[in-house]
Amino acid sequence: MMMHRAEVSKEGPPNYGATMLVDTHTHAVSSDRERFPQRPATLANGAWWSDTDCSFEQLAAEVSASRVDRVVLVQAAGAYGGDNSYLLRALEQADSRFTGVGIIDPLTDLPTGPQLLALLARPGVGGLRLFYIPYPDTPWLAGEVGDGVINSCVANDLSISVCCQPEAFDELAAQLARQPDVSFVLDHCGFADFTGDPPYPQAAPLWRLAEYANLIVKFTPTLVRLNAADPRSLLAQLVARFGADRIIWGSDWPQHREVDEHGRQLTYSQQVDLVQEWMTDLHPNHQQAIAGGNALGLWPQLVAEPGAS
């Protein structure tokens, strides 16, 4: 499954037409722990959902109050691991502004197993996230298990996202080379090291992946915060290395921790506006591509009018 590309004009960057905002990285966690039990927090960022309303209803309300047109709801791995029950429940309530990206545990649920089959059978699911943090004791991404999961996604027209850190980049590169006609999204740019000044030499492992034309990188405020990076410089480097047609953005709601000048946490709408402001130094066509055009190529079902069945 290759991502749709806009026609590239000889006179300039691709023309994506009117800007559509597609937030490709949000999460939702239910407050009903009996119906949707959580697992103990196993990731370094802890139980980020414990002190705020992370329900799908809250997300939908905040999206409606924002400029965002379409949203990708990503399974909350920290809260639920590979149990997609709440994601699927949220998608049952969602209109066509939303699509979902699930997670399975491929070592216990092989590509033809019940978890993946359950995801494939449910409307609203547009992708699968290969979650590779922490680095597994039994690596599987570049082996037969990874091949099977990816082939199942391709056969069922699901987008493929990979959430990993640089230690897994060699395995990712192996899959990129093995499946040149399949698009892969690298969440949070693989948590590459963007400390210091441009051109960010510590991010060399990520820059080496730019040679694979089927890799799309996801830019989020999380990257900016973790690296204390200048977002405009970081975006400029990503465009220079990957090209604007291979970058998407996500808010990482509700994990964002950006604050205003008074120390108050930004609302979802303010967060979205901030990320779009970071893009204003880019060519307008590049802004349009990153803001939404590229995402519509990965999740074409989002092109439908809101409320459409």
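The values are calculated or read from the model by the stated rules, or taken from the named source; none is laboratory data. In this text the structure is predicted, and so the values were computed from the model without any measurement. Neighbour counts run over all protein chains shown; Cβ positions are idealised from the backbone, glycine included. Remember, those area values only see protein heavy atoms, side chains included, never the ligands or the DNA or RNA. Shrake-Rupley method; radii C 1.70, N 1.55, O 1.52, S 1.80 Å.
When residues in segment 166-210 are screened for being open to solvent by 50 Å² or more (accessible area, probe 1.4 Å) and more than 17 Å from the chain's Cα centre (by Cα), 15 of them pass. Would it be correct to say that LEU234 is of a type in the set (A, V, I, L, M), under 18 Å from GLN58 (Cβ atoms), touching a helix residue (DSSP H, G or I) at 6+ places or on another chain (Cβ under 9 Å) and crowded, with 17+ Cβ neighbours inside 10 Å? Answer is no for this residue. If you filter segment 230-252 down to residues that are outside any loop (DSSP other than H, G, I, E, B) and touching a His at 6+ places or on another chain (Cβ under 7 Å), you find that the one that is farthest from GLN165 (Cα to Cα) is ALA244. With respect to the conditions (1) open to solvent by 10 Å² or more (accessible area, probe 1.4 Å); (2) touching a residue at least 12 places away in the same chain (Cβ under 8 Å); (3) of a type in the set (A, V, I, L, M, F, W, C), CYS163 falls short on a single one, namely (1). Is there a residue in segment 214-221 that is crowded, with 20+ Cβ neighbours inside 10 Å and more than 15 Å from the chain's Cα centre (by Cα)? No, there is no match, as no residue in segment 214-221 is crowded, with 20+ Cβ neighbours inside 10 Å and more than 15 Å from the chain's Cα centre (by Cα). Considering segment 258-280, the residues that are within 20 Å of VAL71 (Cβ to Cβ) and either touching a residue at least 60 places away in the same chain (Cβ under 8 Å) or surrounded by fewer than 14 Cβ atoms within 10 Å (Cβ to Cβ) (or both) include one that is farthest from the chain's Cα centre (by Cα), namely GLN265.
In segment 220-229, the count of residues that are of a type in the set (Lys, Arg), in a loop (DSSP other than H, G, I, E, B), closer than 30 Å to VAL125 by Cα and at pLDDT below 95 is zero.
Criterion first (hydrophobic (A, V, I, L, M, F, W, C), open to solvent by less than 60 Å² (accessible area, probe 1.4 Å), under 18 Å from ARG70 (Cβ atoms) and modelled with pLDDT under 95) does TRP253 satisfy it? Here the answer is yes, as TRP253 does meet what is asked. Scanning segment 253-303 for residues that are assigned to a helix (DSSP H, G or I), of a type in the set (Gly, Ala, Ser) and out of contact with any helix residue (DSSP H, G or I) (no Cβ under 6 Å at 6 or more places or on another chain) gives SER269, ALA291, GLY292, GLY293, ALA295, GLY297.
Against the conditions (1) touching a residue at least 40 places away in the same chain (Cβ under 8 Å); (2) in contact with a strand residue (DSSP E or B) (Cβ under 9 Å, 6 or more places away or on another chain), ALA76 satisfies every one except (2). For PRO180, the stated conditions hold: it is more than 19 Å from SER233 (Cα to Cα) and either touching a Phe, Trp or Tyr at 6+ places or on another chain (Cβ under 9 Å) or at pLDDT below 95 (or both).
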